[in-house]
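Everything on this sheet refers to the single structure shown next.
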Amino acid sequence: MSGISKSTQTLTGAWSGFYVQRDQQRGIRAEFVHRGDRLSGSMTDDQTLFESSVYEMTAECGLPPGADEQIVLALRKQFPESKGTPIRVVRTLPDFASLTGQLRGRTVTFVKTYQGESFHGYRVGQDQVGTSVAGHSVHYRGTLSEDGGQIEGNWWIEANPKEGVRRCEGSFSLRREG
């Protein structure tokens, strides 16, 4: 591994940083176990509950004007007893994710697989309607700095047309702790 000193050739240990999604930085912490060129470990997200208005969600997704009103109207029809009750967009992530990947030269790749169900949908009063997905995965590819103390790169979630999921991507940065 040219450019990396003997003392930092391993990624084993604690790392912290962030990923960027829709111009928002979200904190993450990873614990890597590095053997040979293989990586394993775990990751946690600092924030696992996301909530917004229907208007904010439609604007973020680039939906046409009035889409928020159509969504609210459809939800009010589905939950007629909800008149006057706030409708919120809700996303939740499991508290824990496992990591598997590799280090080749200074290229770090790994897949983060959430352990449990992720939820995307709406909260109408006390009711929730949406989609739960078990084992949601996020791909990461980055470059290890020459001193072995930082990994920067991109993450992405593959599109899943059957679930109505478009490809999503952003950047990330992790720094070795200690």
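Coordinate-derived values only; no laboratory data. Computed from a predicted structure; not experimentally measured. Positions of Cβ are generated from backbone atoms using ideal geometry, with glycine treated the same way; all protein chains shown enter the neighbour counts.
Return the whole-Å distance between the Cα centroid of the stretch 104-175 and the Cα centroid of the stretch 11-65. Spelled out, the Cα-based centre of one part sits 6 Å from the other. Annotation: extensible slack from S42 through T85 equals 11.6 nm (criterion: 0.36 nm per residue apart, minus Cα-Cα distance). Between S137 and D95, the contour length at 0.36 nm per residue exceeds the Cα-Cα span by 13.8 nm.
Compare the Cα positions of W155, T48, L73 along the charge dipole of the chain (+1 at Cβ of Lys, Arg; -1 at Cβ of Asp, Glu; about the Cα centre) and return the one farthest towards the positive end. Farthest towards the positive end: W155.
Using R0 = 30 Å, the C-beta based FRET efficiency linking N154 and C61 works out to 0.90. What's the longest piece of the chain with no exposed trypsin sites (Lys or Arg not before Pro), counting a site as exposed if DSSP puts it in a loop and it has at most 13 other beta carbons within 10 Å? Segment 84-165 is the longest.
Taking Cα atoms only, the orientation of helix 67-78 departs from the longest principal axis of the chain by about 60 degrees. Classify the stretch 6-176: rounded, prolate or oblate, from the alpha-carbon gyration tensor (a ≥ b ≥ c, eigenvalue square roots; a/c under 1.5 rounded; otherwise prolate if a/b is larger than b/c)? Here the stretch 6-176 falls in the prolate category.
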